[in-house]
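Right, one structure below, let's go through it.
Values in this text are rule-based calculations from the coordinates and carry no lab data. The model shown is predicted, which means the values in this text are computed figures rather than measured ones. Glycine gets a Cβ as well: all are built from the backbone with ideal geometry, and neighbour counts include every protein chain shown.
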Amino acid sequence: MTHVDYAVVDGVATITLNRPPVNALNAELIADIDAAVGLAEDPEVRAVVITGSPRFSVGADITGFEEALEGNAEDRQSVGLAAAVARLEALPKPTIAAVYGFALGGGLELAMGADLRYLAEDAKVGQPEILLGIIPGAGGTQRLTRIVGYQRAKELCLSGRHITADEAAAIGLADEVVPVDDLLEVATATAKGFATGPTRAYAAVKRAVGEGYEVPLEHGLAIEAEVFAEVFSTEDAKIGIAAFLAKEKPSFVGR
């Protein structure tokens, strides 16, 4: 992978976008992100941090847009990014986006594929595609609506404005706002906590919440019951229950 650094330490995979100076998304970077997320599917990886510094990603590489208008290349790029984001979202383990600087357009769409978003205090995020006469094309209109609500998502996509980390936290788009110098350390520490936890149960939460969202309650409860029965028979469930009864701290194995 040319534009992404990938490392695994203590069960935590760190995916670092590395296309200076601003991690503008082109076909090569998107392919590398997808490949790195594929590596993180390894069962030995039990949590993931995705980041990029000093800017997470300013979105699509605009220099390719003129050619795209002639040859429809941007449509293919959007499809590729949408697939990479969906792959990240589908990982059956906790994922955290550690956002430095800017996460705009496709950069924010990528960050929204993670379970949690930790933003540096000076970070700004937004969906500014409307300012180019286009709209988000890799899930922005859909995931943003589900995260921050219908009216706020519509306003952000219509205005294209950038919002601060504090405003992102206020509307639920950021889970934590962290001093710049501490961001990766804090995100990694959280991920390491997940990596020692009940991996199958984390996957079950992601499935129950994801599949149960915006379906009728009866359907959602059926999904929850099915997933509960599956996770109740895992080794980690036995370990957790035994440790609770013994008043001990559980040592989960991720199975």
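A Cα-only calculation for the chain places Rg and Dmax at 18.8, 67 Å. What the pair-distance distribution of region 173-245 shows, using all Cα-Cα distances binned every 5 Å from zero, is 3, 14, 16, 16, 16, 15, 12, 7, 2, 0 percent. Straight-line reach only, C-alpha to C-alpha below 24 angstrom: list the lysines that Lys154 could link to, leaving out same-chain residues fewer than 8 apart. In chain and number order, the partners are Lys124. Taking other C-beta atoms within 10 Å as the exposure proxy, Asp34, Asp5, Asp42 rank Asp42, Asp5, Asp34 from fewest upward. Mind checking the full-extension length gain between Leu221 and Glu121? Use 0.36 nm per residue of separation minus the Cα-Cα distance, one decimal, nm. Stretched out fully, the Leu221 to Glu121 stretch lengthens by 32.2 nm.
Distance between the 7 Å Cα→Cβ label points at Thr164 and Val9: 3.2 nm. Taking max minus min of the alpha-carbon positions on each principal axis, region 70-187 gives extents of 44, 32, 24 Å, largest first. To the nearest ten degrees, helix 235-245 and the longest principal axis of the Cα atoms of the chain are 60 degrees apart.
Peptides 228-238, 119-129 ranked from most to least packed by the mean count of surrounding Cβ atoms within 10 Å: 119-129, 228-238. In this rough spin-label picture, where each label sits 7 Å from Cα along the Cβ direction, the Ala229-Ile130 distance is 4.6 nm.
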